[in-house]
Amino acid sequence: MNNPGIPNLLALLSPREAELLSGFCHRRHYRDGEVVHERGDPDLEMGLVIKGGVKLMRLNQSGEVAFALTVLEGQNYGDSVALDSLVRTHRAIAVGETEIDFLSAEAFRRILENEPKIVEALYRVAAHRLVAAVDLVDDMRMLKIEARLAKRLLALLMQSGQAGQITCLQEELAQFLGVSAVTIAKGLRILEANGLIETGYRRILVPDPVGVQRWLEAQD
C-alpha cells in the first residue's frame with residue numbers, strides 16, 4: 001500500500017539544501033524485490049528513497065504479512081532508528097529498481113545541530129506522519145470498513161497519476177487496513193453497489209472521485 005499522504009522531503013528543501021543533505025548520505029542500489037533490510041537488523045541509519053520505492057512489512061507469527069506500507073520517492077523512513085539507536089522494526093523490500101540514500105546516526109546528529117532548514121523539513125514530514133497515524137486510528141474506531149476503504153482509495157487515486165483508476169491487490173488493501181481479504185471484498189461490494197467504484201483484475205475504477213468524497217462526508 002502506498003503512502004501518498006506523506007510529503008516529499010526533497011520538495012521541502014531548496015536545491016542547495018537537498019545537495020547538502022545528499023553530501024551527508026551514502027547511496028545504495030537495489031533490484032526489484034531485493035531485501036533492503038530485515039526486521040531486527042541493527043543498522044542505525046535513516047533511509048531516503050531517491051528512486052523506486054521501499055515496501056515496509058511486518059509479519060505475524062505464521063509468517064503472513066500483517067501490515068505493509070510503501071515509502072515513495074522523496075520520502076524518508078527510519079528516523080527513530082538513527083536517532084534512538086533502535087533495531088529495524090520492519091522487513092524492507094525494494095519496489096522496482098531502487099536507489100536509497102542512507103544517513104548514519106552520527107551524520108543525522110550533525111544535521112540536527114547545524115542545519116535548521118533540513119531539520120524544519122524533517123519536522124514537517126514527521127508532523128504529517130503523526131496526523132496520518134491519528135486519522136488511521138480514528139477511522140478504525142469510528143468508520144465502517146466501506147468508508148475506511150473509500151478514504152484509502154481516494155488517497156491512492158491522488159498519488160496514482162492515472163485518471164480514475166488504481167492498480168492494486170485486495171490483499172494489499174487488507175494488509176494496510178489491518179483486516180481480512182474477506183472483509184475488503186465485502187467493503188468493495190458495498191462501494192460497487194452504491195455506484196462509487198468498479199472492480200476489475202488488479203485494478204479499481206473510481207469514475208467520480210467527487211461523488212465518493214460527498215458519500216464519505218455523509219458517512220463521517
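The values are calculated or read from the model by the stated rules, or taken from the named source; none is laboratory data. Owing to the predicted nature of the structure, the values given are computational and were not obtained by experimental measurement. Reconstructed Cβ throughout: ideal geometry from the backbone, glycine too, with neighbour counts over all protein chains shown. Accessible surface is based on the protein model in full, side chains and every heavy atom, while ligands, DNA and RNA are left aside. Shrake-Rupley method; radii C 1.70, N 1.55, O 1.52, S 1.80 Å.
Could you tell me which numbered condition I166 fails, if it satisfies all but one of (1) without any contact (Cβ under 8 Å) to a residue 40 or more places away in the chain; (2) of a type in the set (A, V, I, L, M); (3) in contact with a Ser or Thr (Cβ under 7 Å, 6 or more places away or on another chain)?
(1)
Which one of R141, R202, R124, R214 is at positive phi, out of contact with any His (no Cβ under 6 Å at 6 or more places or on another chain), surrounded by fewer than 15 Cβ atoms within 10 Å (Cβ to Cβ) and charged (D, E, K, R)?
Step by step, each of R141, R202, R124, R214 is checked, and only R202 is at positive phi, out of contact with any His (no Cβ under 6 Å at 6 or more places or on another chain), surrounded by fewer than 15 Cβ atoms within 10 Å (Cβ to Cβ) and charged (D, E, K, R).
Taking the residues in the stretch 20-68 that are acidic (D, E) and closer than 18 Å to D79 by Cβ as candidates, determine which candidate is modelled with the highest pLDDT.
Ranking the candidates gives E45 first.
On the given criteria, is R148 assigned to a helix (DSSP H, G or I), of a type outside the set (S, T, N, Q), crowded, with 18+ Cβ neighbours inside 10 Å and within 19 Å of the chain's Cα centre (by Cα)?
Judged against the criteria, R148 is a match.
Which one is nearest to Q213 (Cα to Cα) among residues in the stretch 151-184 that are part of a loop (DSSP other than H, G, I, E, B) and open to solvent by 30 Å² or more (accessible area, probe 1.4 Å)?
Looking at residues that are part of a loop (DSSP other than H, G, I, E, B) and open to solvent by 30 Å² or more (accessible area, probe 1.4 Å), I get A163.
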